[in-house]
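K.L.:
Pasting a structure below so you can have a look.
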Amino acid sequence: MELTDRKREILKEVISLYILTGEPVGSKAVMQRMRKPCSSATIRNEMAELEEMDLLTHPHTSAGRAPTTRGYRLYVDSLMEGYRLDFEERLLLNAILSEPDREAGALMRDVTKLLARLTGYTVLAFSREDVGTIERFEGVYVNPTGFLLVMITSQGRAVTRRLTAETPLDRAGVDRIIAVLNDGLAKKELGALTVERLMALEKELGEYRFFIAPLIRIIYQAMGEINEDAVCVSGISNLLRYPEFSDPEDARAAVAELEDPTQLLERFRDPFPAGLKVHVGSGDTGLDAASFVLCPFHMNKGLAGAVCIVGPKRMDYAGAMAYLEYLARQMGTVRSFAPGLPLIENEGTKS
């Protein structure tokens, strides 16, 4: 069955009205919005064929139609009209992003709160600090039983850990350990730390070779903690206002998932996508009844991540995408966006 221009227009109007009202859409409402005159009977026939194509569904309690997941995918890919932020919306976003020397966590919290207020949906921010490499090591002698190891990352962050000595240690010993670390590990990717290199470091440390195991363990642990993903969530109650989440079981499941960063990150194969992504949920429990619009960002000082807007399947996709596109541009992401590219992943929330 061919998806004609008239079918595409009818599908677009049905979905636009359904997003606006949340109510199944009848032929008379569509007829009033058509660009070319068309009878109500003709529209009903076209809607029936769209239902056969699995683009619309026919709720038992209504004569109108509602979109399917497949219908939403087609709508976002090629039917919906773009949305342009107005002056006030841009001003509100710029007010947050233009504040100098903002701490990353505070910036993400303010961004999610503002977007939750502007969109009426739930907003998540996944952030990660790109620490790069360890620029240099420094040591602070404490006493014969140990010293402080200071790791300065290429982003200027200092991470300090204490090491305990198995045999008496003096200042000259600390200087020797730090010199070996700077020569062998500074400004190098940790992935390049081969077995051969470890053996060479152990040999260079000489009488202090017993430090090699705790040193490597501490370095990896510290870098892992810095690289740990952080998640901010705002507007959870916004999502629960929609009828799609009125069932108490679904509401509890949705809240539990929104409050658990591990579950949220597992929903996406890559929570820090290369470009804007739209995921349409499937099923009828928890967040499987939701849609997700994600867009990456990258800022100076090594902060990178993604902002995600979560709403019901009948969310305002054009508005959500416009907010995230603008946000990403203002935060430093330079990215071309071709509307013709497929923006919707396969059915479900994982691509």
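Read-outs: derived from the displayed coordinates by stated rules, not from any lab. Remember, predicted model here, so these are calculated numbers, not experimental data. Please note: Cβ atoms are built from the backbone with ideal geometry, for glycine as well, and neighbour counts cover all protein chains shown.
K.L.:
So for the pair R197, K113, with labels modelled 7 Å out along Cα→Cβ, what separation do we get in nm?
P.N.:
For R197 paired with K113, the spin-label model returns 4.3 nm.
K.L.:
Report the FRET efficiency, 1/(1 + (r/R0)^6), for S98 and A256, where r is their Cβ-Cβ distance and R0 is 35 Å, rounded to 0.05.
P.N.:
Working: r = 36 Å, r/R0 = 1.03.
Efficiency for this residue pair is about 0.45.
K.L.:
Next question, about the same structure. Simple spin-label model, 7 Å along Cα-to-Cβ: L79 to E135 in nm?
P.N.:
It works out to 5.3 nm between the two label points.
K.L.:
Pull up all non-local amide H partners of A290: gap of 5 or more, or a different chain, and H-to-H distance under 5 Å with H placed in the peptide plane.
P.N.:
The list, which skips near neighbours in sequence, is G281.
K.L.:
If every alpha-carbon in segment 134-226 counts as one equal scatterer, what log10 I(q)/I(0) does Debye give at q = 0.13, 0.16, 0.18, 0.19 1/Å?
P.N.:
-0.39, -0.60, -0.77, -0.86
K.L.:
Could you tell me the calculated FRET efficiency between E88 and Q221, based on Cβ-Cβ distance and R0 = 56 angstrom, to the nearest 0.05?
P.N.:
On the way: r = 46 Å, r/R0 = 0.83.
The pair E88/Q221 has a calculated efficiency of 0.75.
K.L.:
For D110, D170, what's the fewest-to-most ordering of other Cβ within 10 Å of each Cβ? Could the numbers behind the result be given before it?
P.N.:
Values: D110 18, D170 13.
Going from sparsest to densest Cβ surroundings: D170, D110.
K.L.:
Still on this structure: What ³J(HN,Hα) values, in whole Hz, does the Karplus curve 6.51 cos²θ - 1.76 cosθ + 1.60 give for segment 79-85 when θ = phi - 60°, with x put for Gly and Pro?
P.N.:
So the Karplus estimates, Gly and Pro as x, are 10, 6, 8, x, 10, 10, 5 Hz.
K.L.:
Give K113/K188; K113/K277; K7/K313 a once-over and call out the pairs whose C-alpha atoms are over 27 Å from each other. Could you put the intermediate results ahead of the total?
P.N.:
Working: K113/K188 39 Å; K113/K277 21 Å; K7/K313 21 Å.
Beyond 27 Å: K113/K188.
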